[in-house]
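The values are calculated or read from the model by the stated rules, or taken from the named source; none is laboratory data. Predicted model only: the values in this text are computed from it and were never measured. Cβ coordinates were reconstructed from backbone atoms using ideal geometry, including for glycine residues, and neighbour counts include every protein chain displayed.
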Amino acid sequence: MAPALTSSLPLMIESLVKRFGQVTAVDGITLELHPGECLGLLGPNGAGKSTLIRSIAGRVIPDSGAVSVFGAPASSTAARNALGWVPQELALYRRLTCRENLESFGRFHGMARAALQPAIAWCLAWAALEERASDPVKNLSGGMMRRLNMAAGLIHRPKLVLMDEPTTGVDPQSRNRIFEMIENLRAEGMSIVYTTHYMEEAERLCDRIAIVDRGRIVALGSREELVHQAFASRSQVLARFAGPADRIAAWVEGRGGTYVEGQVEGHGDGPTAGTAQFTVERPTEIVGLLDSAAQAGLELTDVTLRKPNLESVFLHLTGRELRD
C-alpha cells in the first residue's frame, strides 16, 4: 500500500545530493515549500535546477538526502498522485486532438471516466482551449501547445505542481495568458515550484525565490528580503566600458565591484563591453569611481544609478546574468 499523505508541507527537500560522474549537480540542498506558495527557482544554466526538479518528480534518484511530497517519498505512488509536472519540453501527441491528449494523460494517471470528463472540461476552460478541443495538436499555435502542455500536467488536479520554464519560446501575448493561468491556480491555493529564465516572471508570480548556483541555494526569501540581504539601503551603480575584458575586470575587482563580460553591439569578435556593478551609500561616490576609471585608461560608454532589484541580487550572488 502506498504511504499516506501525512505532512502539511507540500514539499520537503533534505540535504539532497546528486552526482553525475565527477560533476555534483545538486550539492546538499535543503528546502521547504509552504501550502499555497509559489516558489521560484532561479539560476544560470548548469546550476542544478533541472536535476532538482527531476528529483522532486521522482525521475532522478539522489545519491543522498530525501525528497517528500506531503510526507510521502518522491518515488511513491502517493507522491506521484499528488504531484503535477509541466516539463520544459512539449510532451504532447501531435496527431491527437486536444481532448484526446487530455484523455490519454488522464488515463495514464489512472483516472476513472466519471472523474476524467469534468477534469478535461476544467483543463480546456483553464487553458482557454474549449473552442479548439477537437483540433489536432499539430494545428495549434506554439502558445496554444504550451497551454495544453500545462493542462496535461494538471489533468489529475494535483495539490503540488512543478513548472519548468513553461513560457519558453512563446510570444508576449501567450506569456501573459500563461501568467493568468498560473495566477488562477494560485487563487485556488495550489502549491507551485516555478523555474524560469525571465526575472520579471519570478517577480510577478513568486512569493519566495531560491537562487541556485553550482548545485547550492545561495539565497532564499521574498524579492524584498533578497534585495535587503544583498544591498541593505545602498544604491547600485552600473557602468559599461569598452576595451580588453581582462583589463576592465582587474580594475573592477580592485574597486570591489562585480564584472560581467559582454559583446559590444555590432562588433562581433572585436572589443568587449563590460558591465561593472558597484554599490554606493551616496550618489556622490560615483565621481570617485569615474575618476578612477579615467586614471586607469578605461573608456566609459554608459553609467546608471538605480535602486537594486532582483536582477541586481542575482548578478551580485552568481556573477552571471540569469540567462548565462
Practice task
Would you be able to say whether some residue in the range 84-95 is farther than 30 Å from GLU311 by Cα, of a type in the set (S, T, N, Q), assigned by TED's automatic domain parsing to the domain that holds ALA127 and surrounded by fewer than 19 Cβ atoms within 10 Å (Cβ to Cβ)?
Solution key: no
Practice task
Please verify whether the range 124-137 includes one or more residues that are among the aromatic types (Phe, Trp, Tyr) and buried (at least 16 other Cβ atoms within 10 Å of the Cβ).
Solution key: yes
Exercise for the section: Could you grab me the full set of residues in the range 206-222 that are under 18 Å from ARG54 (Cβ atoms) and of a type in the set (Gly, Ala, Ser)? Expected result: ALA210, GLY215
Problem - the range 279-307, residues that are of a type in the set (Val, Ile, Thr) and surrounded by 15 or more Cβ atoms within 10 Å (Cβ to Cβ) - result: THR279, VAL280, ILE286, VAL303
Completion exercise
Filtering the range 183-200 down to residues that are part of a helix (DSSP H, G or I) and acidic (Asp, Glu) yields GLU183, GLU200
Handout entry: Only one of ARG80, ARG19, ARG54 that is charged (D, E, K, R) and free of Cβ contacts under 8 Å to residues at least 12 places away in the same chain
Key = ARG54
Exercise for the section: Just give me the residues in the range 38-55 being touching a helix residue (DSSP H, G or I) at 6+ places or on another chain (Cβ under 9 Å) and either outside the structural domain of GLU188 (by TED's automatic domain parsing) or not in a strand (DSSP E or B) (or both), in sequence order. Expected result: GLY43, PRO44, ALA47
Exercise for the section: Scan the range 201-259 for residues that are in contact with an Asp or Glu (Cβ under 7 Å, 6 or more places away or on another chain), in a helix (DSSP H, G or I) and in the same structural domain as ALA47 (by TED's automatic domain parsing) and report the count. Expected result: 1
Practice task
Output the residues belonging to the range 115-148 that are within 13 Å of SER174 (Cα to Cα) and out of contact with any Lys or Arg (no Cβ under 6 Å at 6 or more places or on another chain).
Solution key: ALA128, LEU129, LEU140, SER141, GLY142, GLY143, MET144, MET145, ARG146, ARG147, LEU148
Exercise for the section: Of the conditions (1) modelled with pLDDT of 95 or more; (2) assigned to a helix (DSSP H, G or I); (3) out of contact with any Lys or Arg (no Cβ under 9 Å at 6 or more places or on another chain), ILE155 clears all except one; give me its number. Expected result: (2)
Fill in the blank from the handout: Scanning the range 71-115 for residues that are under 15 Å from ILE56 (Cβ atoms), touching a Pro at 6+ places or on another chain (Cβ under 8 Å) and aliphatic (A, V, I, L, M) gives ALA72, ALA78, ALA79, ALA82, LEU83, VAL86
Exercise for the section: Filter the range 63-73 for residues that are assigned to a loop (DSSP other than H, G, I, E, B) and crowded, with 22+ Cβ neighbours inside 10 Å and give the result. Expected result: PHE70
Practice task
Select from the range 92-111 the residues that are assigned to a helix (DSSP H, G or I), at pLDDT 95 or above and of a type in the set (A, V, I, L, M, F, W, C) and write down the one among them that is nearest to ALA78 (Cα to Cα).
Solution key: PHE105
Fill in the blank from the handout: If you go through LEU315, LEU310, the only one that is surrounded by 13 or more Cβ atoms within 10 Å (Cβ to Cβ), among the aliphatic types (A, V, I, L, M), under 25 Å from VAL212 (Cβ atoms) and at pLDDT 85 or above is LEU310
Practice task
Mind counting the residues in the range 148-184 that are of a type in the set (S, T, N, Q), farther than 13 Å from GLN88 by Cα and either surrounded by fewer than 17 Cβ atoms within 10 Å (Cβ to Cβ) or under 14 Å from the mean Cα position of the chain (by Cα) (or both)?
Solution key: 3
